[in-house]
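The structure appears below as structure tokens.
What follows draws every value from the coordinates through simple rules; no lab data is involved. Source: prediction; values computed, not measured. Using ideal geometry, Cβ is built from the backbone for each residue, glycine included, and neighbour counts are taken over all protein chains shown.
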Amino acid sequence: MLVPHQFAKTEGIQYNPEALELFVMNKVFVLADWLVQQNAFSPTKLRFMTQTLGYDLDEEFFALLG
């Protein structure tokens, strides 16, 4: 999945914020599903992954997934 972006000489790469949110959430859902199939679901690891990308998810969100 590609994230739409623009490049400016002075500011570098600028990602479309809405597209980046969709990209991150897609990865969360895919990884959560895969981790459940592997019997290794860990909301903490998924939260850390999203935090490194600048997003914070509530624990309540993961209760809906699990």
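A few comments on the model shown:
- To the nearest ten degrees, helix 43-52 and the longest principal axis of the Cα atoms of the chain are 10 degrees apart.
- Sparsely packed trypsin sites (Lys or Arg not before Pro) within the range 8-66, loop by DSSP, other Cβ within 10 Å at most 15: Lys9
- Dipole magnitude (debye, nearest 20) for the range 16-65, charges at Cβ of Lys, Arg, Asp, Glu: 260 debye
- Cα gyration tensor, the range 1-42 - rounded (a/c under 1.5), prolate or oblate: prolate
- Cβ-Cβ distance of Phe7 and Leu65, R₀ of 35 Å, FRET efficiency by 1/(1 + (r/R0)^6): the value works out to about 0.50.
- Among the GluC sites (Glu not before Pro) found in the chain, those both in a DSSP coil and sparsely packed, with 12 or fewer other Cβ atoms within 10 Å of their Cβ, are Glu11.
- Rg followed by Dmax, in Å, when the range 16-65 is reduced to its Cα trace: 10.7, 34
- With contributions of -39500 (n - 2.57) from each DSSP H run of at least four residues, the per-residue ellipticity at 222 nm computed over the chain stands at -18000 deg cm²/dmol.
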